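The values are calculated or read from the model by the stated rules, or taken from the named source; none is laboratory data. Just so it is clear, the structure is predicted and the values come from calculations on it, not from any experiment. Backbone-built Cβ (ideal geometry, glycine too); neighbour counts: all protein chains shown. Ligands, DNA and RNA are stripped out before the accessible areas are found, and what is left, the full protein with its side chains, is counted by its heavy atoms. Shrake-Rupley method; radii C 1.70, N 1.55, O 1.52, S 1.80 Å.
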Amino acid sequence: LYAADDCRVCALLRDGRVHHVDGEAFRRKDGTSFPVEYTMTPILEGDRITGAVVTFRDITERRRTEEALRHSENKYRTLFEESKDVVFMNTPEGKVVDINPAGVDLFGFSSKDELLEADMGRDLCVKLGDWEVFSELMERKGFVKDHEIALRKRSGELLIILITATAVRDAGGAVMAHRGILRDVTSERKLEDQLRHAQKMEAVGQLTGGIAHDFNNFLTAIIGFGYLLQMKIKKDDPLRH
């Protein structure tokens, strides 16, 4: 039951306009409730409102679908916000459209809004040509997996990143955006470089050791023959020295 000021039918009778109500709870005969949307259209006879046509629609299934969608979106948003990998979306030109907190931390920005002002190709990519290669792959293949690219933090510090992403296309097939994951492998690449350097030094050490061993063989022969010559030369012979 409504007070006169809250009654939608009374409002229609006062102003003569069509009124639409979405999601009001109605009660069944057994006492259970269900959501309804309804539209009220005035019946006019001349300038006088003589009644109204009211159409009702049970929107229980729509509400269930909306609730399931909200639940799905909430799960996605939780995954998006809490992922330790960087989840991002950007335009093909490089403009950042959305990015999670891990991305804000990785690139060293003070806030998400500040990072959304950045352009991956122009501001974060070490070489603009590398971003053009990535965009061309996305346009041609529609996806990349573990595509390596050099990006930089806001401070200029180098980052080695693996991109796994898919292209978002419009109805005509044109790429509207890229969305995917960035994984920081800077530390792994530094360790690999250190390992390669150690392997090179080990190889140089083995080469040097081999050369020294061979040279020592020559020296041993020279010294040995020198001693033999000393034994055959008289002590006062000027050739002895």
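So the values come out like this:
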| read-out | value |
| --- | --- |
| The chain: Cys lacking any partner C-beta under 4.7 angstrom | CYS125 |
| Cα-derived Rg to Rh of the range 102-219, Kirkwood definition | 1.26 |
| Dipole axis of the chain (+1 Lys, Arg; -1 Asp, Glu on Cβ), positive-most option in LEU159, VAL18, VAL87 | LEU159 |
| Normalised contact order of the chain, rounded percent, pairs of Cα under 8 Å and 6 or more residues apart | 10 |
| Accessible carbon and sulfur surface of the chain relative to its total accessible area, %, 1.4 Å | 57 |
| Solvent-accessible surface (1.4 angstrom probe) belonging to ILE181, in square angstrom, nearest 10 | 70 |
| For the chain, accessible area per residue (1.4 Å probe, heavy atoms of protein chains only), Å² | 70 |
| Positive-end residue of GLN206, VAL175, ALA150, charge dipole of the range 106-209 with Cβ unit charges | GLN206 |
| At most 16 other Cβ within 10 Å, DSSP loop - GluC sites (Glu not before Pro), the range 159-241 | none |
| Shape box of the chain [Cα atoms, principal axes, largest first, Å] | 150, 41, 34 |
| Neighbourhood charge, 15 Å Cβ-Cβ cut-off, centred on GLU117 and excluding it, Lys, Arg +1 and Asp, Glu -1 | -2 |
| Under 20 Å, Cα to Cα: Lys pairs in the chain, sequence gap 8 or more or different chains | 13 |
| Sparse-neighbour loop sites [trypsin sites (Lys or Arg not before Pro); the range 199-241; at most 13 other C-beta within 10 Å; DSSP] | LYS234, LYS235, ARG240 |
